[in-house]
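Presented below is the structure to which this report refers.
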């Protein structure tokens, strides 16, 4: 069997797919985002779970994205996301604003196989006014007329892209304490994962590892990508590469600078060999 | 020499400890908030019993279900205090974290796009106390009315809400918020600021008491904590902030 690579995984993501990515502090597969850029993916609809960071800005800059649903897009200490901002200004993408717990709740509804999930707050926010798919009803378990509450539809991404620490022979992926990634995996039609390394055996047989495992039930394919979260952090394995993200933010201010970034870090042979 | 960031952290810490406000037993700090995080550490390192949950702590993160757990805790009322800011803040304590002009993202003619609402549209309702913090104090930030409401300062009667803004701290002054009349009042002026200067820099109307004191300086003990053990705690999450304010770099 030929082992999967980030590029072979990216080849299986169709144009137009609803692609979910965790934020920079919660195990996005940046390796798969780079591979999607190399494949020339088009019209992706990205979902930030619940916010978006480096990988989203990269995909937008490379012209892979038609729409972003998210609660925020930022590069953390490196500031605003430059390609997101530019694409929005140029009318190249649309953004559907949500608010963090709403995205978690919509995924939880999908995870449970129910049509909606209620959530407090939000009423009186223009976010709600711009989300015709979100409804306000009186609490049906109250007196039926007072206590308005927001209902959010279930949301099931076509594909989730996660970078875990390790995968085992049973196809399980270990994400440590980042168990919100398990909710994302449960809610998604497909999960494509990259990992730092492969390990023998079945992590679900190990009581200490099992709580940090996303069961292979939900994982479609795994590829090894060392430092596959880079330049963002991976648990206690490696830190956020602030210098690199600052360099990205500087280059990505202009289209020419962004193209230079892609040449250097996404398209060149060494960058590909590293993945 | 007291840096503005140190003064702001000490001011926030005093607001956290305000005896007139409900107790802050569990405080959460969200993304990109080094000064609020420093303020919380100051409260904790002074020996006050408080649980701190810093959402962006990489090693030893307080949550085992990420930010979802933060929102679930807050939904239940287990988080007593949170910090919010905004690209625009108006006189009714409405927050705009999404952008200016037409609904940002709805059209290319939209004004300036901000990063987005994060969890503000939920947290502002569900936390008993919110301290608003925005270092830039200018008419473009503190506006008569926000272009878009990400999170409203007050709600219609009947809408479930545990609290709203307690105060707004800026680079120039401290305001208190009065939800009963949906207005801010000036609490204290940072050194070198005047009431007229604040009026000129503020796009919204606010109440001014007869006597507005100066924001107290951080004490020597507070400064020593900020520059020593608190910087140690923050180096991993906020390396650029620590380098800039405390002149300290993470050991390679």
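FYI, it's all coordinate maths here, none of it is from the lab. Just so we're clear, the structure is a prediction, and the values are computed from it rather than from any experiment. Positions of Cβ are generated from backbone atoms using ideal geometry, with glycine treated the same way; all protein chains shown enter the neighbour counts.
Highest GNM mean-square fluctuation among B:50, B:146, B:159, for chain B modelled with Cα contacts below 10 Å: B:159. Each principal axis of the Cα cloud of the stretch A:102-237 was taken in turn, and the coordinate range along them, longest first, works out to 57, 32, 25 Å. Over all Cα atoms in the stretch B:74-179, the spread is summed up by Rg and Dmax: 13.6, 41 Å.
Please list, short to long, the whole-number percent of alpha-carbon pairs of the stretch B:1-61 in consecutive 10 angstrom bins beginning at zero. Whole-percent P(r) values from 0 Å outward: 22, 54, 22, 2. Given R0 = 22 Å, the distance between the Cβ atoms of residue B:243 and residue B:46 translates into a calculated FRET efficiency of 0.35. Shown here are the Rg and Dmax of the Cα trace of the protein assembly as shown, at 23.0, 80 Å.
Normalised by the number of residues in the stretch A:149-209, the mean separation of alpha-carbon contacts (under 8 Å, six or more apart) gives a relative contact order of 44 percent. Using only alpha-carbon positions in the stretch A:73-125, the gyration tensor eigenvalues give semi-axes of 28, 13, 12 Å once each is multiplied by 5 and square-rooted (largest first). Once the chain from residue B:102 to residue B:200 is taken as fully extended at 0.36 nm per residue, the excess over their C-alpha distance is 32.6 nm.
Each Cα pair of the stretch B:47-99 feeds into the Kirkwood radius, which the Stokes-Einstein equation turns, at 4 °C and 1.567 mPa s, into a diffusion coefficient of 97 µm²/s. With the biggest extent put first, the Cα atoms of chain B measure 46, 45, 39 Å across the principal axes. Debye-formula intensities of the stretch A:33-152, expressed as log10 I(q)/I(0) at q = 0.20, 0.21 Å⁻¹, are -1.09, -1.15 (one equal scatterer per alpha-carbon, no solvent).
For chain A, take N as its residue count and report Rg(C-alpha) divided by 2.2 N^0.38 Å. Taking the Cα Rg and dividing by 2.2 N^0.38 Å, one obtains 1.02. Size of the stretch A:158-267 from its Cα atoms: along the principal axes, largest to smallest, the extents are 50, 29, 22 Å. Computed over the stretch A:20-78, the convex hull of the alpha-carbon atoms projects to a mean area of 3.6 nm². Take the convex hull of the alpha carbons in the stretch B:111-236; its mean projected area over all directions comes to 10.2 nm².
Scattering from the stretch B:1-151 was approximated by placing one identical point on each alpha carbon and applying the Debye formula without solvent; log10 I(q)/I(0) at 0.15, 0.19 1/Å stands at -0.83, -1.22. Taking every alpha-carbon pair under 8 Å whose residues sit at least 6 apart, chain B reaches a relative contact order of 19 percent. A Gaussian network model of chain A, with springs between Cα atoms under 10 Å, assigns the largest mean-square fluctuation among A:244, A:186, A:163 to A:244. Indicate the gyration tensor shape class of the stretch B:127-171 (rounded, prolate or oblate), computed on the Cα atoms with a ≥ b ≥ c the square roots of the eigenvalues: a/c under 1.5 is rounded; otherwise a/b larger than b/c is prolate and the rest oblate. It is oblate, given that a/c is not under 1.5 and a/b is not larger than b/c.
Of the Cα atoms belonging to the stretch B:176-252, the radius of gyration and Dmax stand at 17.8, 53 Å. If both residues of a DSSP beta bridge must be in the protein assembly as shown, then about 35% of such bridges are antiparallel.
Under the criterion of Cα pairs below 8 Å and six or more residues apart, the relative contact order for the stretch A:58-140 equals 25 percent.
Distance distribution note for the stretch A:45-89: the fraction of Cα pairs above 15 angstrom is 30%.
Using the rule -39500 (n - 2.57) for each DSSP H run of four or more residues, divided by the residues of chain A, the 222 nm mean residue ellipticity is -8000 deg cm²/dmol.
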